Structure formats: C-alpha cells, structure tokens
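What follows is a set of notes on a single structure, which appears directly below.
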Amino acid sequence: MSSHISTKAAIAGITIEPCIFNAAGPLCVTKEELEAIGSSHSGAIMTKSCTFEPRPGNPEPRYYEDALGSINSMGLPNLGYMKYAEFSSEMKKYRKPYIVSVAGLSLQDNIEIVKYLGQFKDIDAIELNLSCPNVIGKPQVAYDFDASDEMLREVLKVNKHVLGVKLSPYFDFAHFQQMAGVLKKHKLAFVSCVNSLGEGLFIDADAEQVAIKPKGGFGGIGGDYIKPTALANVRKFYELLDRKVPIVGVGGIKSGRDAFEFILAGATAVQIGTEFMRSGTACFARVDAELKALMKEKGYSTLDDFRGKLKVL
Ligand SMILES: Cc1cc2nc3c(=O)[nH]c(=O)nc-3n(C[C@H](O)[C@H](O)[C@H](O)COP(=O)(O)O)c2cc1C
C-alpha cells in the first residue's frame, strides 16, 4: 500500500542516494575511514580537505563536543592530495560518488592540486573549501570576495571535474549579496553551506580552562549551535543563485527532521559532520529512515515535492 519514497538527489548528473553523506573533515582522513563510509548508508564518500603536503595537524586535544555541538581546531590533518587521488580507483567498488575536498593553502597550491586531480577519472567531484587561510593577516578566502573571485577563476581554468565550493557562514545580507555576485560569475556545479562557524570558544567553568589546546582554545563550531545559521545560508544562496545552482546543506544536522528543514530551505543534498563524529556511520541510515518516515507522514514521495517550498509569514 505504501508508495515508494525516494531520497535520491542529483548534482550535475551525479546521483546521490540517499541525499545524505559525510561532511568533509570528521572521520574521513584515512583509507580505512573512507572505506567505512563507502560500506555505510552514506550517499557519497567525501574526503578530508587535502593540502599539497601531508599534515599532522595541530596538537591535541583539538576536538571537543558537548550536548549541543562541537569545537575543533584540527589544523587540516590529511595525507596530502596525491593519496586521495590514489584512493579513487579503490573507492569505485562502493558504487557511490567519491568527492575530494580540496583546501590548498594558497592559490598556487589549489591550481596544482585541481590540475592533478583532473587525471583521475574515478573522482566524481571536487569540493573546493574556501574556508581556508589566505595571506597571513587577511581573512580566510571565503571572507575576501576578491580573493574568492580570483581563486575560482584560476582553479576553474585547470579543472576537469564537477566542481563545487564549500563556503563559510555569512551573517549579513550585504555579504550574502557580495558572495552570490562572485559565485554567479563562475560555472559551479554546487555550493555547500556552511563550514564551521569560525573562532568560537568553549570554556569549562569547573576547570576554569578552555576545551581545546590550539590557538588558546579558539576553534570552529559545529552541531546544534550553528543550525539556524546554516539554514539561513542555504536559504539565502538558494534564492540569490536563482534556484539554479544545487545547494548542499551542512550544519547541525542530526535527524531526518533536520535534513527535511534543509531541503525545505532549498538544499539538494545534506552532509553530516558533528553527528557523524558522535555516532559513527550508523547516522546515515538513521537520518535517511527518519527523513523517509517524515516524508511519508506528509504525503511526499520525492525530494522535489518539497524542496525550496518553505512558506513565509
Ligand atoms: C573535526 C572536524 C573537522 C573538520 N574538517 C573540515 C575540513 O577538512 N574541511 C571542511 O570543508 N570542513 C571541515 N569541517 C566542517 C564540517 O565539514 C562542517 O561544515 C561543520 O562541522 C558543520 O557541520 P556539523 O554541524 O554537521 O558538524 C570539520 C568539522 C569538524 C567537526
């Protein structure tokens, strides 16, 4: 009796089923971790953001979570871009998109990395992480609109893959407008919103100290704390990019209901970071089942039935 309910999504001709997969960073650094994602219900395999050189990352503790979310200052621990290219052929057996997150520490690094990845046909897409340091003393690339424009222009010149960007969160309508203006100048396959909310601080009142070691305790915030910001960014970019560019929603998703809200705001697919860190690969099947149950309750059978159809008062 129950009609078939599908949580399938497509981005630039790539099928993502379910529309739920891992966010770049948590538990996707090593080959074993990527294989665990491959074997799970995740709709795609996303790698840790890779840099030109392998990096050990910052001193520990560099991740901490409480009931409402997480703080991290990992320092981009990763195996270096060549390893993530090399893994691509082995990831093919999981029959789901393999997406390499790229976070070169300079424009030149990103050009080199993206050019190199172009030789690997088993890489399905690239997510260019713009929440990265630029010049010391200047904001990260995503908060420097001219640098973002130049980065996209130069990287897209050498790119051969489906390529999207991962943005930092914005908090001001003027900034949304400015970034959307930059994005519109380039041909992007998708836009992922949002990266960690920058430079927060967790304090342990009992110990009278910070929760993580790097940078005096400052770090990127994820989880429940950032969901309203993430939803706002998804909604704004969905509108400002004229509903034409697929938006990937990320930030505080831990249930099917959360995923539903992001899709209602306009997301084509969603990623899970902090909740994946907390509960492991089981979260993908659970969130998908919860999303399907909610869709059934509401009489929806595909994501298109409600994507972007958020009502305003
Ligand atoms: C431990 C950790 C490492 C992360 N590393 C990356 C990264 O390498 N590249 C990236 O684009 N985002 C990274 N992020 C940000 C997540 O991909 C995600 O955008 C953010 O955590 C918000 O989602 P969440 O609320 O589900 O955690 C990291 C987040 C965490 C918690």
For this session: As a check on your grasp of the helix formula, calculate [θ] at 222 nm for the chain: sum -39500 (n - 2.57) over DSSP H runs of n ≥ 4, divide by the residue count, round to the nearest 500.
Result: -10000 deg cm²/dmol
For this session: Using Cα centres only, tell me the gap between the stretch 72-147 and the stretch 237-269 in whole Å.
Result: 22 Å
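Hey, got a sec? Which trypsin sites (Lys or Arg not before Pro) in the stretch 37-127 land in a DSSP loop and have at most 15 other Cβ atoms within 10 Å?
On the way: sites: 48, 62, 83, 92, 93, 95, 115, 121; in loops: 48, 62, 95, 121.
Taking the stretch 37-127 and a limit of 15 other Cβ atoms within 10 Å, the loop trypsin sites (Lys or Arg not before Pro) found are 95, 121.
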Exercise. Cα convex hull of the chain: mean projected area in nm², to one decimal?
Worked result: 16.4 nm²
Problem set entry | Cut-off under 5 Å, modelled amide H: who pairs with residue 69 long-range | 224
Exercise. Which stretch or stretches of the stretch 227-264 have amide N atoms under 12 Å from the point lying 7 Å from residue 298's Cα along the Cα→Cβ direction?
Worked result: 256-264
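Does the stretch 1-87 come out rounded, prolate or oblate by the C-alpha gyration tensor, with a ≥ b ≥ c the root eigenvalues, rounded set by a/c under 1.5 and, if not, prolate when a/b is larger than b/c and oblate if not? Can you show the working numbers first?
On the way: a/c = 2.82, a/b = 1.57, b/c = 1.80.
Cα axes put the stretch 1-87 in the oblate bin.
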For this session: Work out, step by step, the length gained on full extension between residue 95 and residue 107: first 0.36 nm times the residue separation, then minus their alpha carbon distance; give nm to one decimal.
Result: 1.1 nm
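Taking only C-alpha pairs under 8 Å that are 6+ residues apart, what is the relative contact order of the stretch 139-283 in percent?
Values: 223 pairs, mean separation 29.0, N = 145.
Relative contact order of the stretch 139-283: 20 percent.
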Problem set entry | Percent of beta bridges antiparallel (DSSP, the chain, rounded to nearest 5) | 40 percent
Exercise. Taking the Cα-to-Cβ direction at residue 257 and at residue 10 and moving 7 Å from each Cα, how far apart do the two end points lie in nm?
Worked result: 3.3 nm
Exercise. Quick one: length gained pulling residue 66 to residue 279 fully straight, 0.36 nm per residue minus the C-alpha distance?
Worked result: 75.4 nm
Exercise. Can you list the residues, at least 5 places off or on another chain, whose amide H is less than 5 Å from the amide H of residue 11, using H built in the peptide plane?
Worked result: 16
Exercise. If you stretched the chain out fully between residue 153 and residue 186, how much longer would it get, using 0.36 nm times the residue separation minus the C-alpha to C-alpha distance?
Worked result: 11.2 nm
Problem set entry | Relative contact order (%) - criterion: Cα under 8 Å, at least six apart; region: the chain | 20 percent
Exercise. Distance in nm between label sites at residue 175 and residue 31, each 7 Å beyond Cα in the beta-carbon direction?
Worked result: 4.0 nm
Exercise. Quick one: which of 184/292; 187/292; 8/244 span more than 29 angstrom between C-alpha atoms?
Worked result: 184/292; 187/292
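What does the charge add up to near residue 105, with Lys and Arg as +1, Asp and Glu as -1, over the other residues with Cβ less than 14 Å from its Cβ?
Numbers: positive: 55, 138; negative: 53, 109, 112.
With Lys, Arg at +1 and Asp, Glu at -1, the net is -1.
Using only alpha carbon pairs under 8 Å that are at least six residues apart, calculate the relative contact order of the stretch 258-313 and give it in whole percent. Write down the numbers at each step before the final one.
On the way: 32 pairs, mean separation 32.5, N = 56.
Once normalised by length, the contact order is 58 percent.
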Exercise. Among 34, 201, 167, which one moves the most in a GNM of the chain with springs linking Cα atoms closer than 10 Å?
Worked result: 201
Exercise. Per-residue HN-Hα couplings for the stretch 78-95, Karplus 6.51 cos²θ - 1.76 cosθ + 1.60 at θ = phi - 60°, whole Hz, x for Gly and Pro?
Worked result: 7, 8, x, 4, 5, 5, 5, 6, 4, 5, 4, 5, 6, 7, 4, 5, 7, 6
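Taken together, the values in this text are just the output of simple stated rules run on the coordinates, not laboratory data. Bear in mind the structure is a predicted one, so any value in this text is a computation, not a measurement. We place every Cβ from the backbone using ideal geometry, glycine too, and count neighbours over all the protein chains shown.
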